[in-house]
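One structure is given here, and the rest of the page talks about it.
The values are calculated or read from the model by the stated rules, or taken from the named source; none is laboratory data. All figures in this text were calculated on a predicted structure; none of them were measured in a lab. We place every Cβ from the backbone using ideal geometry, glycine too, and count neighbours over all the protein chains shown. Side chains included, ligands, DNA and RNA excluded: accessible areas come from the protein's heavy atoms. Shrake-Rupley method; radii C 1.70, N 1.55, O 1.52, S 1.80 Å.
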Amino acid sequence: MIKKLIGWIIAIVVVGFVLLASASRFLTDWAWFDVVNYSQVFWTTLKWEWGVWIVTLVGVALFLFINLRITKKSVDQALWRFPQVGQYIKNKHITLLYLGLSIFFGVIVASGLRSYGLDIAVFFNQVPFNIAEPLFGRDVSFYIFSLPILKALSSILLGVLVMTGFLVGAIYILSGNLSVSGFRFSFSNRTRNHLVILAVLFLLVRAASYLIDISELLLSPGGAMFGAGYTDVYVRLLALRVSMIVAVLLALALIIRWRYQRKLIVGLLGAWIISGLLLGGIVPTLVQNWIVEPNEFEREREFLQYHIEMTRTAYGLDKFVVKEYPATPDLTYEDIDRHRSTVDNVRLWDPRVLLQTYGQLQEMRPYYRFSDVDVARYWIDGEYRQVMISARELVPEGLQTQSWINRHLQYTHGIGVVMNPSNEISRQRLPEFWISDIPPKSSIDIEITQPRIYFGERTNDYVIVNTLTDEFDYPMENRSATYRYSGADGVKISSFIDRLAFAFRFGNSRILLSTDITNESRILFDRNIFDRVKKIAPFLRYDQDPFVVVVDGRLKWIMDAYTVSTRFPYSEPTKGWGNYIRNSVKVVIDAYDGTVDFYQVEPDPIIEAYEKVFPGLVKPFEEMPENVRAHIRYPEDLLTIQALLYGTYHMNDRSFYNREDVWQLSRETYRGKDQEILPYYVIMDLPDEEPEPELVLMVPYTPARRPNMSAWLAARNDGKHYGEVIVYRFPIETSIWGPAQIEARIDQDPEISQLITLWSQSGSQVIRGNLLVLPIGEGILYVEPLYIQADQTSMPQLQRVIVAYGDDLVMADSLENAFVSLFGQVITSKELDEESISDDFDFNDENIATLSNRAHSLFIQAEEALTKGNFHLFGDLWNELREVLKRLNRE
């Protein structure tokens, strides 16, 4: 008795462990969603997925069981004829077999359809686009929301009917109720009626699926463009309609059972097959080759315009504003001075180069890493400044001791950010840091009160906080600072069941056995911000370049999220994205406590449909805090896609068909390789707009197979103008230097090429940064930074700046001195005139800086005059320099 009791206890424990192991992900995810305040997402998703699964299982299993049950009488007759078999097989055995087969196939079909749970939810909650496709006049929402579900449903119904017919037919053949001799079938009336019903259902469903195929013509990838063309509309559409009608007639013939039904049915069946082959395959090919292609433009003209208009709508290109940009060749110092915001924010530090420098100067320890360097903007001392910023994250792989305690209990978080202005250089030719070191120190009016990063781009491991082991905070001179987490995130693991569930989930018994874990301990998991947002809203597509900002002393990640579709009628697909895209959502994640907020920033029927499924998941843009809203950016990926498409889709009609004026992204040379110039951020005053600095994402165009520039795109990022895109076109009759031409001029300049060769031979590597095209006023400047990196280190230094304007090309040790060489004047916010260096000059700090700047620029100009042999100008500059130095010497 005792042994039996022990056996039962062991069995119960084993079963309990197995069930808990199976349910561990469900239980831990349930707790996680509850902690992050998105439990309704968890339960709504489960409701739809399992609801679809149950309904499909019951429907398929019931349909199969009824059809199998109909065959039972035939099986009984067969068993009666073969008593030696019948004595072993009873009625209940047959019923159980039928039930088992029905449930088995029902589970298979239901499991396949379960992944459509959210799609079906959106189908029932769809929102109209209020955009009618041009061929049938249906709203686009039908193709986005309804068509995929209808197609999946028809495929499943056809599959179930075929599977049912196969099982039923096999039973009838095995039971002797159906025999085949050549092309002759012999069966009883009962058998015939059953098979006819299945055949009729199959034909009717197939006829309905032809309607779906007709709708999918608007998503056809063949022909002169994406979408239904001449052959699709005038041949394939007819073929599908004929096939649909023949299928319905064939079903009716089977139902009515005319006297000569065999001939009629065979004739209709033959017509069905022939119409599919002839009208669906052979005739379209002949029409395309003999009628369309000899006069393709005229045949496809109407449909080409459909394609152009729908593509522009799907990608938002129809909202682009086109303006003319004269690009005058007479830019002056006064023009430069009027656009101080652009000049003072020229990005001299290339993010790819700067990442190496950050790593050398600011990682401090091998377990700290910077993932990338992002562009941001802040108001600093009343000035709108562009800055480079990166988060210092902790990477456990860099720890010297790879123990479980180190990875999951002690080294739990990164700390702080590094920030520098995009255009300032230190005496060592390195970035001039505004925020740096550990803990972060700031030299500007931006303070970080909570620098810890528990959630980031590299936080892939789970960590357990509030244990008996203090967390490592940051290194100090002779010891390490410690910390205890006080944020809102983390699932409590106070009970044995909690710890056991997480031990199963992460496959580590230490979670269960560790004595460092207390009742107050919490486990933080899914800390990678990509995993975190995808888990909450998997139906969105996320940008791969989130960026960190400082808001009210805390670090926040901002991530762009897109709604995409592959089913926008007539719209040109983009590989990997689909043919419809909207950056409708901005996601804000707190780096310390992991709080995730979704904000809708533009109207979009797809996200609005999901909002109906998950009420409260996405907040209105108006609820985004103003200090967070000031940091949102137009995504680089989105403008890249739009720019690539607009290069072709700015044309209409015949010019589009012939590709007469295709634009392509300009090209540059980076580290010796030719590559496209991708969109980049600049702070500037846009032409013909309010004279205020704003962050702009821009990219230049060049005509296909020609090196000169044709236009540039500017996406606005600030305030009420966020999301506006302006196309600035250069005059057709004017030739504007393209970036590739400027690169070639740099290569051919004897002074620059000689210096690059010299540096490259002295144990250093010369790195040419991004070539920036900068519209200023009505002119175009080109700026390219030049870095030197010693072979022994990975710390590039900014040594020279190359500036080109018109036919002039100069290289100097700073941007300011390059402008001096180009325009012959000092580019400062307060010019120094003769009165300002009189005998009663007031030597405050600002004037000393101005005089020093003046002295430096005079020296550069004097050197240049001496090099060119202009001794008269050299003498004048030298005398002026002497006077300035005398004033400085008084101090």
Next item on the list: Choose one of ASN406, VAL322, ILE389: the residue whose Cα lies farthest towards the positive end of the charge dipole of the stretch 307-415 (beta-carbon charges +1 Lys, Arg; -1 Asp, Glu; about the Cα centre).
Entry: ASN406
Check: For SER188 and ASP372 in the same chain, what is the full-extension length gain: residue separation times 0.36 nm, less their Cα-Cα distance, in nm?
Finding: 58.7 nm
Next item on the list: Only Lys, Arg, Asp and Glu count, each charged at its Cβ (+1, +1, -1, -1), so figure out the dipole size of the stretch 330-443 about its Cα centre, rounded to 20 debye.
Entry: 560
Checklist line | Local electrostatic count, ILE732, Cβ distance below 15 Å [Lys/Arg +1, Asp/Glu -1] | finding: -1
Check: LEU617: net charge of surrounding residues, Cβ under 12 Å, Lys/Arg +1, Asp/Glu -1, itself excluded?
Finding: -1
Next item on the list: Assuming a ≥ b ≥ c are the square roots of the Cα gyration tensor eigenvalues, decide whether the stretch 295-427 counts as rounded (a/c under 1.5), prolate (otherwise, with a/b larger than b/c) or oblate.
Entry: oblate
Margin query: With mean projected area of the Cα convex hull in nm² as the read-out, I listed (1) 48.0; (2) 44.9; (3) 53.4; which label goes with the value calculated from this structure?
Written below: (3)
Checklist line | Hull shadow area, averaged, the stretch 471-547 [alpha-carbon convex hull, nm²] | finding: 8.0
Next item on the list: Answer with one residue from TYR701, GLN675, PHE730: the one whose Cα lies farthest towards the positive end of the charge dipole of the stretch 654-737, charges on Cβ with Lys, Arg +1 and Asp, Glu -1.
Entry: GLN675
Note to self: With both bridge residues required to lie in the chain, what share of the DSSP beta bridges run antiparallel, to the nearest 5%?
What the structure shows: 90
Check: What percentage of the solvent-accessible surface of the stretch 405-530, computed with a 1.4 Å probe over protein heavy atoms, is contributed by carbon and sulfur atoms?
Finding: 44
Note to self: Please report, ordered by residue number, every helix of the chain (full DSSP H runs) that is 27 Å or longer along its axis going by C-alpha atoms and whose mean Kyte-Doolittle hydropathy reaches 1.6.
What the structure shows: 147-174, 237-256
Item checked: Charge dipole magnitude, Cβ of K and R +1, D and E -1 - the stretch 307-376, Cα centre, debye nearest 20 -> 380
Item checked: Residue-normalised accessible area of the stretch 709-772, given per residue in Å² at a 1.4 Å probe -> 44
Note to self: For the stretch 694-759, which trypsin sites (Lys or Arg not before Pro) pass both filters: DSSP loop (anything but H, G, I, E, B) and at most 16 other C-beta atoms within 10 Å?
What the structure shows: ARG705
Notebook entry, point to check: Once Lys and Arg get +1 and Asp and Glu get -1 on their Cβ, which of ASN879, ASN652, PHE26 lies farthest toward the positive end of the dipole of the chain?
Noted result: PHE26
Next item on the list: Classify the stretch 436-582 as rounded, prolate or oblate from the Cα gyration tensor: take a ≥ b ≥ c as the square roots of its eigenvalues, call it rounded if a/c is under 1.5, otherwise prolate when a/b beats b/c and oblate if not.
Entry: oblate
Next item on the list: Work out how much length ARG705 to ASP688 would gain on full extension: take 0.36 nm times their residue separation and subtract the Cα-Cα distance, in nm to one decimal.
Entry: 3.0 nm
Check: Assigning unit charges at the beta carbon (Lys, Arg +1; Asp, Glu -1) and nothing else, what dipole magnitude in debye, to the nearest 20, does the chain show about its Cα centre?
Finding: 8900
Item checked: Helix-derived mean residue ellipticity, 222 nm - over the chain, DSSP H n ≥ 4, -39500 (n - 2.57), to 500 -> -14000 deg cm²/dmol
Item checked: Extension gain from TRP878 to ASP808, taking 0.36 nm per residue of separation minus the Cα-Cα distance -> 22.7 nm
Next item on the list: Express in whole angstrom the spacing between the alpha-carbon centres of the stretch 382-399 and the stretch 134-177.
Entry: 54
Checklist line | Entries of LYS72/LYS151; LYS319/LYS586; LYS47/LYS575; LYS492/LYS535; LYS535/LYS556 with Cα pairs more than 23 Å apart | finding: LYS72/LYS151; LYS47/LYS575
